[in-house]
Amino acid sequence: MTSRRTVLIAGAAGAAALAGGIGWWRAPPSAHEPPFTPDAAFPNPLRLPGGDGLYGIFDIGNHFTIVGKPVTEAIVPGKPVTLLAYEIEADGKRYRNPLLRMKTGGMVRAKFWNALEETSIIHWHGLIVDSNNDGHPHYAVGGGEIYEYDFPVPNRAATYWYHPHPHHLTGKQVYLGLGGVFIVEDDEELALQKALDLALGVTDIPLVLHDRRINEKGELVFAPTDDEKADGFLGEQVLVNWTPKPYLEATTRIYRFRVLNASNARVYKLAFKSGEHTLPHQLIGNDGGLLEAPREVRELFVSPAERIDVLLDLRAQPPGSAITLHSLAFDAMEHQGGPPAADTPTAAARPSAHAGHGAHASYGAGPPADQNAAAPVATAVAPAPAPVTRAVPALGVAMELMRIHVRRKVAFNRAVPEKLSRIMPIAANCGTARIITLDHVKMVWRINGHTYAHETTPITVKRGAVEVWEIKNVPASMPHPFHIHGFQFQVLERKHSPEQQKALAINDKGLAASDLGWKDTVLVWPGESVCIVIDFSHPFYGNQVYMIHCHNLEHEDQGMMLNLRIEG
Ligand SMILES: [Cu+2]
């Protein structure tokens, strides 16, 4: 697939820095600190989760209503635009894409009100729920309709997330704004917070990465071409917590960053650098929560939907210094072996559009009958947004994501605990695995030769079975983040990995530090095979239908997704 490679490497110029820097969140300088002027490359204060508003922290207690709707927010300072968000109103506060937080063992009782003019449903990514509560696209509800959720959360503490999952529309709806972080806490987690004196939104900071195209008006532009529907839709800049070119003011202590890659298709290779010097940091957790012990790392791949939980120690950094979070250059197609496939498509052979061109957020549906106290949302359909003229960096092009300014020295004498948790390994090896093949025909990505159909369940597993799956990505392919609903898994082995992945191996099974612990999404490179083990035990009686899919959202919307039936 030489044409694919060309597509991926085209337009490799760096994204232009956004001008501006109005600093709409900047706190007034305190009497103790000199005034601070950020550098022009990162002029905007990082948006942090606070008491309300965008990313406001919402502690799940009683029943709540969460509305998916168009809202007005400024991504670029001073340029309010329409985007989509989940909104909760409670106790006189309004939260948008709230950071949901709860304890292990608690209940989620929520009404999702779809106030869009198209179908949608919320998937609780990483949560162990029955299939009625999973947010399977089969349960997507139309505009103006409601879906009721009612489920306990048995998960370990971790950073999960929630996002829309309607078939053909997931990529567009996530891109235009829908999605948020879902933090579960347990005793181990609270002990860690206490040991390191961590406070969510202050020193324990979620970093949600979205690459987006933003036009001169500050609008999000989602307009994938046929090539981009096949490859994945990339942005020209990376927003962190919906902040373009962000900076964070820090002190000389340990910070925790919970990174969620919520991008449609972009894989990041994250590293913290002080000038040219890469700073070692500690990986403490990933998709399914804390690792057994911290692991020193220097760089990590994070593919769409994956999470990493890291500690960055700034105690040795002098006040006045700056550290930059980078995505380092990598070759997205390294190891792409073999000749171009015989079925390498022409543009005419590619599938037709699912998501539409130039989609944006200026639409909505009126409230359902039982919600008539709420204000109706806009129904006007505005013209398509103007295109973006800046070049879009290809997958694997280096990008700078965020600047951290060390402002002030503080006394901080806490030590990172040597032991974080206990992970019981599932005894298994890659010998007799169920084979899951990722390939394509005529630019349509497939799993075991299938694309998605609501009515078919190509994979059936008995409840309580323990299975090893070998996920084999063909050589003439792309990196695919493979996700499974309803269960977590352990990664056993990486085989035929590209050199850039091998370079991160910490054991003779080729695993990277970020493959340890419990996972729900794992990146599989072209030509690579990844063995995982899944314990299909769960407390839900009767047949349950979940899914497996690629979390490149364009691949998923195109049908790189299958039903997974658990016979209960
Ligand atoms: Cu994929």
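The values are calculated or read from the model by the stated rules, or taken from the named source; none is laboratory data. It should be emphasised that the depicted structure is a prediction, and the values quoted were computed from it without experimental measurement. All Cβ positions, glycine included, derive from the backbone under ideal geometry; neighbour counts span all protein chains shown. Quick note on the areas: whole protein, heavy atoms, side chains included, nothing else; ligands and nucleic acids left out. Shrake-Rupley method; radii C 1.70, N 1.55, O 1.52, S 1.80 Å.
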Filtering segment 222-235 for residues that are in a loop (DSSP other than H, G, I, E, B) and surrounded by fewer than 22 Cβ atoms within 10 Å (Cβ to Cβ) leaves a count of 2
Just one listed residue, out of 504, 511, 516, is surrounded by fewer than 24 Cβ atoms within 10 Å (Cβ to Cβ), without any contact (Cβ under 8 Å) to a residue 40 or more places away in the chain and farther than 16 Å from residue 551 by Cβ, and it is 511
Being within 16 Å of the ligand (Cβ to nearest atom), within 25 Å of residue 298 (Cα to Cα), out of contact with any Lys or Arg (no Cβ under 7 Å at 6 or more places or on another chain) and not polar (S, T, N, Q), is that true of even one residue in segment 507-522?
yes
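From the list 168, 136, exactly one residue is on the phi > 0 side of the Ramachandran plot, of a type outside the set (Gly, Ala, Ser), more than 15 Å from the chain's Cα centre (by Cα) and in the same structural domain as residue 401 (by TED's automatic domain parsing). Which is it?
168
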Residue 311 vs (1) at pLDDT 50 or above; (2) in contact with a Phe, Trp or Tyr (Cβ under 8 Å, 6 or more places away or on another chain); (3) assigned to a loop (DSSP other than H, G, I, E, B): all pass except (3)
Condition set within 21 Å of the chain's Cα centre (by Cα) and more than 20 Å from residue 123 (Cα to Cα), scope segment 474-504, selection farthest from the ligand (Cβ to nearest atom): answer is 490
- Residues in segment 453-471: is at least one aromatic (Phe, Trp, Tyr) and buried (at least 23 other Cβ atoms within 10 Å of the Cβ)? no
Of the residues in segment 431-473 that are part of a strand (DSSP E or B), farther than 14 Å from residue 548 by Cα and in contact (Cβ under 8 Å) with a residue 60 or more places away in the chain, the one that is nearest to the ligand (Cβ to nearest atom) is 440
Output for Cβ contacts, cut-off 8 Å, separation at least six or different chains, first residue under 16 Å from residue 468 (Cα atoms) in segment 412-430, second open to solvent by less than 70 Å² (accessible area, probe 1.4 Å) and of a type in the set (Lys, Arg), reads 430/495
Those strands (runs of 3 or more DSSP E) completely within segment 526-568 that have 3 or more residues that are of a type in the set (Phe, Trp, Tyr), more than 16 Å from the ligand (Cβ to nearest atom) and open to solvent by 10 Å² or more (accessible area, probe 1.4 Å) are none
